[in-house]
Amino acid sequence: SETDKGTYPFYMLKEIDEQPNVMRRLAQVYLSETGEPVISDKLLNSMKQADRIYIVGAGTSYHAGLVGKRLFENLTQTPTEVHISSEFAYEQPILSKKPFFIFLSQSGETADSREVLVNVNAGGHESLTITNVQNSTLSREATYTLLLHAGPEIAVASTKAYTAQIAIEAILAKALGEADNQIVAQRFDVRHQLGLVATGIQAIVDEKKKLEDLAKSSFLKTPNAFYIGRGIDWSVSLEAALKLKEISYVQAEGFASGELKHGTIALIEKGTPVIGLITQEKTAGLTRSNLQETMARGAHIITIVSESLAKPGDDIILPDVDELMSPLLSVVPTQLIAYYTSLNKGLDVDRPRNLAKSVTVE
Ligand code: G6P
C-alpha cells in the first residue's frame, strides 16, 4: 500500500524513488492530452489581475518557493517575492496594490504559514494553497487549492513534496503566462519537460550506488560541508544543505557562490567538502572559478552538473532539461547524499532528532 515501506529500509529512500512517478502523475492530473495546463479559469483570472505574487512557506516548502519565483518571473513576468512564513507573520512586507498569495505546505498544517493566511484573509486578499493534504487547514482556508498528488510523505525530511511543488509551480506559471500571451510561456513545453524530468530522475536514482560511495568517502567524517551555486542553483543549494543537516547532522550551508569569498570562505579547511551545483549556462564558468578558489584553500570539491555543461572530471552528471526545470534533477543527488550519509552513520533516517514532520506551534 501507499503507506507501506515494502522492501525499503526507510521511507525516505522509497519517497526519493517515487519521484519519477509523481512527475508523471502531475502531468496526467494537470495537463490535457495536448499538453496544455488544466487549471481553473477562476484561479487563472484571479492570478492574472495580480500585480505581484507572494509565495509563503516554511522549511523545504520555502525552498520550493524560491524556485517558484524564478518560474513565475520568467514565464509570467509577474514580480514574485518569497517569504518565510514565521517572518512574514510579524514583519509583513509592504504589499502591492493587487497581491496574490501562494501558500506552499506539504502538510497544510504549519502554524507559521497559517498565521500568515489568517492575516491575508483578514486583508481580503485572494490566495492559493498548494498542499499534499486534501482538506488540510491551509487548503480549507485559502481561496483556491491545488493538490500535490505526491502520495503520503512519511519521512520527516521532505523529498517528493519539494519536487512536486516545483512541478506544479511550473505548470501554473506556464498556464498563467499563456493566459497573458507571454511568448516564453507559449514556448515552454511543460509536458515534454516533465517527461524529461521523470526519465532524468529515474536515471539518477538508478545510479544511487555512486551516491552512496560518495556519501561514504566524503561526508561520513566531515563536521561541515558547503553547497554552492548561483541563481536557481543557489536556491537548490539551500535545500541540499537543509537535507544534509536535518538527517545526517552535518553542519551544512547553502551559499551563493559569488558571496563565499566575502567572508565565509574563511571556514574552508583541508578536506572541507564544497559541492558545486552547475546547471545554468550563464553562471557555470563563474561557479567553477568559485569552486577553484575553495580548492586552492584545501576544499574537497564535488560537482553536480548538467550534461551539456559537463567537463572531464565532473562527479555527478545530470540529464539535460530546460534550465528552469533543473532543480527537479539537481536536488535528487543531494537527497541521496543526505540519505546515505545518515544511513551509514547508523542514524534513524526517517525520524531525525528534535524534528517533527509538521510543526503546529508558532
Ligand atoms: C517541518 C518539516 C519540514 C517541512 C516544514 C514545512 O519543519 O520537518 O520538512 O519542510 O515543516 O512543512 P509544510 O508541511 O508546511 O510543508
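The values are calculated or read from the model by the stated rules, or taken from the named source; none is laboratory data. Here the structure is a predicted model, which is why all the values come from computation and not from measurement. Every residue, glycine as well, gets a Cβ built from its backbone with ideal geometry; the counts of neighbours run over all protein chains shown.
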Query raised in the report: Going by the structure shown, is Thr137 within 28 Å of Leu95 (Cβ to Cβ), among the hydroxyl-bearing types (Ser, Thr, Tyr) and at pLDDT 95 or above?
Result: yes
Report task. Under 8 Å between Cβ atoms, at least 6 apart or on separate chains: pull out the pairs that start in region 100-113 with a residue that is farther than 17 Å from Val22 by Cα and assigned to a loop (DSSP other than H, G, I, E, B) and end on any residue that is near the ligand (Cβ under 7 Å from one of its atoms) and among the β-branched types (Val, Ile, Thr). Result -> Thr110/Val359
**Report entry** Residue that is farthest from the ligand (Cβ to nearest atom), among those in region 80-91 that are in a strand (DSSP E or B) and in contact with a helix residue (DSSP H, G or I) (Cβ under 6 Å, 6 or more places away or on another chain)
**Finding:** Thr80
Requested in this report: For region 331-359, enumerate the residues that are assigned to a helix (DSSP H, G or I), of a type outside the set (Ser, Thr, Tyr) and within 15 Å of the ligand (Cβ to nearest atom).
Outcome: Val331, Gln335, Ala338
Report task. State which residue pairs qualify: first residue on the phi < 0 side of the Ramachandran plot and inside region 39-64, second residue in a loop (DSSP other than H, G, I, E, B) and within 16 Å of the ligand (Cβ to nearest atom) in any location, beta carbons under 6 Å apart, and separation of 6 or more residues or different chains. Result -> Ala58/Thr110; Thr60/Ser158
Query raised in the report: Can you spot a residue in region 255-272 that is of a type outside the set (A, V, I, L, M), touching a residue at least 40 places away in the same chain (Cβ under 8 Å) and under 27 Å from Pro20 (Cα atoms)?
Result: no
Query raised in the report: Of all helices (runs of 4 or more DSSP H) completely enclosed by region 1-79, which ones contain at least 2 residues that are within 16 Å of the ligand (Cβ to nearest atom) and of a type outside the set (D, E, K, R)?
Result: 11-17, 19-30, 59-76
Query - Breaking point among (1) touching a strand residue (DSSP E or B) at 6+ places or on another chain (Cβ under 8 Å); (2) buried (at least 18 other Cβ atoms within 10 Å of the Cβ); (3) not small (Gly, Ala, Ser), for Thr143 - result: (2)
**Report entry** Test result for Phe88, within 27 Å of Leu355 (Cα to Cα), in contact (Cβ under 8 Å) with a residue 12 or more places away in the chain and surrounded by 21 or more Cβ atoms within 10 Å (Cβ to Cβ)
**Finding:** yes
Query raised in the report: Within region 295-320, how many residues turn out to be touching a helix residue (DSSP H, G or I) at 6+ places or on another chain (Cβ under 9 Å) and either of a type in the set (Ser, Thr, Tyr) or assigned to a loop (DSSP other than H, G, I, E, B) (or both)?
Result: 9
Query raised in the report: Restricting to region 188-210, what's the tally of residues that are in contact with a strand residue (DSSP E or B) (Cβ under 9 Å, 6 or more places away or on another chain) and either buried (at least 23 other Cβ atoms within 10 Å of the Cβ) or assigned to a helix (DSSP H, G or I) (or both)?
Result: 7
Query raised in the report: For the subset of region 92-113 comprising residues that are among the hydroxyl-bearing types (Ser, Thr, Tyr) and within 16 Å of the ligand (Cβ to nearest atom), which member is nearest to His125 (Cα to Cα)?
Result: Ser113
Report summary line: Per the filter on region 107-138, residues on the phi > 0 side of the Ramachandran plot and in contact with a strand residue (DSSP E or B) (Cβ under 6 Å, 6 or more places away or on another chain) are Gly108
Requested in this report: For region 117-155, name all the residues that are away from the ligand (no atom under 14 Å from the Cβ) and among the acidic types (Asp, Glu).
Outcome: Glu126
Query raised in the report: Which ones in region 258-289 are of a type in the set (Gly, Ala, Ser) and either within 22 Å of Pro319 (Cα to Cα) or under 20 Å from the mean Cα position of the chain (by Cα) (or both)?
Result: Gly276, Ala284, Gly285
